[in-house]
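Have a look at the structure below, then the notes.
Computed from the coordinates by the stated procedures, all read-outs in this text should not be read as laboratory data. Keep in mind it's a predicted model, so treat the numbers as computed, not measured. Glycine also receives a Cβ, built like all others from the backbone with ideal geometry; neighbour counts cover every protein chain displayed.
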Amino acid sequence: MKDTPFHDPDQLMLAQADAGLVLVDPASGRIEGLNPAWPQWLGRSKASLQGAVFWEEGGWQQPDVVRTLVSLTSLPLAMPPMAVTGMTQDQQSLSLVMSARSVNLADRRLVLCTLVRSSLAQAMSISSSVAETALMGVVQALITVLEVHDPDSIGHQRRVADLAGTLARKLQWAPDEVESVVLAALIHDLGMVTVPARVLGKTELLSQGEVKQIQKHVSTGLDMLQHVEFAGPVKALIAQHHERIDGSGYPLGLKGEDVLRGAQVIGMADMLDAMTRDRPYQSAQTMDQALQVLLVSSGVLFDADLVQACVALFVQGGYRFPGP
């Protein structure tokens, strides 16, 4: 069969590009336009995909991951490329790297998704499980976005996750609960990407409005994760990591046993790391000083048994936060 002749260079480049280009309406997910590459890889016709819902019709192994990447383009920050896995028409795995960015068409905001084929080995390098690979790809991408927005937070999510996971294992919690705690800790401050950098870097006293902006990061982070499916109570842990058992926390002012123990562990780790590193508004305290503050909170902000176990991890167990 002869190749179709092209008279428009732009059309020629789109047709011959070795990358899938898909224009998506972020609200409905409808495909507004696409070049031939992605349909060819799927073994489907371009016409069958035009107008379909992008994250449903591609046979994605984790459509929620694709939907999340599209939805996150609404942030004023660039998301890094992410490994995703689609399914061809004959049910073969298709390993891709996907990037997405917001574009304007007249008065409409659309999302341009670029898909590039990758080797299966590359796509599976994080984990032997496709689902875990995709999920960890989302988590790592979100951490990167947050640290670009707030350089002072570099390493914070990972340090909190390391302490929270270590303590949960020391307490002999079930492996699935430990995993949920670690995942939640890795992205507990995700909503901070919507707080202006000038507020995060402010050295003087915050105004009441600025405090509310920062506190809103909990609900904002949950909104950003609405299309991501986690196996355990990851979202509940994120929602509660600033709750305190005396009711003084936020956003709901939960009390006592209503505050999940995993959320308390993340809260303690968050507090200790925040106190022992330099921040724009405070100099770092020593770990001994921070542990004394934590002890004062025993039975007030956090469950007394959890506080004692955390302090013992440092004092008797010799735990220290990992380096950068």
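Results, tabulated for the structure shown:
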quantity	calculated
The chain: relative contact order in percent, alpha carbon pairs under 8 Å with at least 6 residues between	12
Net charge, Lys170 excluded, C-beta distance under 14 Å - Lys, Arg +1, Asp, Glu -1	-1
Charge tally in the Cβ shell below 9 Å around Gly253, where Lys, Arg are +1 and Asp, Glu are -1, Gly253 excluded	+1
Residues of segment 152-189 with amide N under 13 Å of a point placed 7 Å along Cα→Cβ from Leu75	187-189
Nearest-20 debye value, the chain charge dipole, Cβ charges on Lys, Arg, Asp, Glu	300
FRET efficiency for Leu313 and Ser93, using Cβ-Cβ distance with R0 set to 56 Å, rounded to 0.05	0.85
Vicinal HN-Hα couplings computed from phi for segment 229-236 (Karplus, 6.51 cos²θ - 1.76 cosθ + 1.60; Hz; Gly/Pro x)	9, 10, 5, x, x, 4, 5, 5
Order by protection proxy (mean Cβ within 10 Å, highest first), peptides 178-184, 153-159	178-184, 153-159
Difference of contour (0.36 nm per residue) and Cα-Cα distance, Leu105 to Lys216	36.8 nm
Helical mean residue ellipticity (222 nm; -39500 (n - 2.57) per DSSP H run of 4+; nearest 500) of the chain	-13000 deg cm²/dmol
Inter-centroid distance (Cα atoms) of segment 189-224 relative to segment 29-76, Å	33
Estimated FRET transfer efficiency when R0 is 56 angstrom, pair Gln289-Asp8 (beta carbons, to 0.05)	0.25
Computed E for Val53/Arg279 - FRET, C-beta separation, R0 41 angstrom, nearest 0.05	0.40
Whole-Hz couplings from phi, Karplus 6.51/-1.76/1.60, listed for segment 48-53; x for Gly and Pro	6, 9, 4, x, 7, 7
The chain: angle of helix 156-170 to the longest principal axis, Cα-based, in degrees nearest 10	60
